[in-house]
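Report on the following structure.
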Amino acid sequence: MIMLDWMKAAPSLADDPAMGFDPDAVTVSDTIDIAAPARVVWEILTDLPRYNEWNPFCIRAVSTLEMGAPIEMTLINYATAGGPTVPNLEYICGFEPERLLSWEFPNLDYWPYPARRDQVIEATGPESCRYYSTDAFLGANGIHVFRFAGPWIKRAFDDSALALKARAEGFHGGGG
């Protein structure tokens, strides 16, 4: 199990039933090796207006990417095999250039399903990097969301990682 720094420091479910971290309620994409520098992958991940050109899951994203800023997304509904799109509003909670882009959904009284998505880039050399993403479903309801949504979210994240690889390698190789 991949444990990001915030996960190691997060309160447990026993300490915080509303927002606590459960290591058994985390979806992790495949780790993808990309033959392009971390800088190129970062530029693609932060070029939100162009998500519809390459991302098969998140086809629209709008945000300033400032910490705490909203990120408005339109997602393809993988739960219904590409059914109607789904609007999604989360908030930027991690921004480390060329390393980490994260957003989270808060715990709300009317929708008690908090979560945090992290997209991780690890440089493996001057011309290569590795990418993966995680979705941690938080609080006491997190395990139920993970059991229901985890498999299709993993598929969506894996598809997005492969599309990111193709886009980054195309740009880096002169094709973009």
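The values are calculated or read from the model by the stated rules, or taken from the named source; none is laboratory data. Being a predicted model, the structure only gives us computed values, none of them experimental. Cβ atoms come from the backbone with ideal geometry, glycine included; neighbour counts cover every protein chain shown. All accessible areas refer to the heavy atoms of the entire protein, side chains included, with ligands and DNA or RNA removed. Shrake-Rupley method; radii C 1.70, N 1.55, O 1.52, S 1.80 Å.
Converting the Cα gyration tensor eigenvalues of the stretch 25-176 into ellipsoid dimensions via √(5λ) gives semi-axes, longest first, of 25, 16, 15 Å.
For trypsin sites (Lys or Arg not before Pro), no site in the stretch 67-136 is both called loop by DSSP and has at most 11 other Cβ atoms within 10 Å.
Quick one: grab the alpha carbon gyration tensor of the stretch 11-78, order the square roots of its eigenvalues as a ≥ b ≥ c, and give me rounded if a/c is under 1.5, else prolate or oblate depending on whether a/b is larger than b/c.
On the way: a/c = 1.94, a/b = 1.58, b/c = 1.23.
The shape class here is prolate.
Extending 7 Å from the Cα toward the beta-carbon at both THR31 and LEU65 defines two label points whose distance is 2.4 nm. Around THR64, with a cut-off of 15 angstrom between Cβ atoms, what is the net charge of the other residues, counting Lys and Arg +1 and Asp and Glu -1? Result for the neighbourhood of THR64: -4.
Largest first, how would MET1, MET7 line up by accessible area (1.4 Å probe)? Kindly include the intermediate steps, with their values, before the conclusion.
On the way: MET1 125, MET7 5 Å².
Putting MET1, MET7 in descending order of accessible area: MET1, MET7.
For the chain, adding -39500 (n - 2.57) for each run of n ≥ 4 DSSP H residues and dividing by the number of residues yields -8500 deg cm²/dmol at 222 nm.
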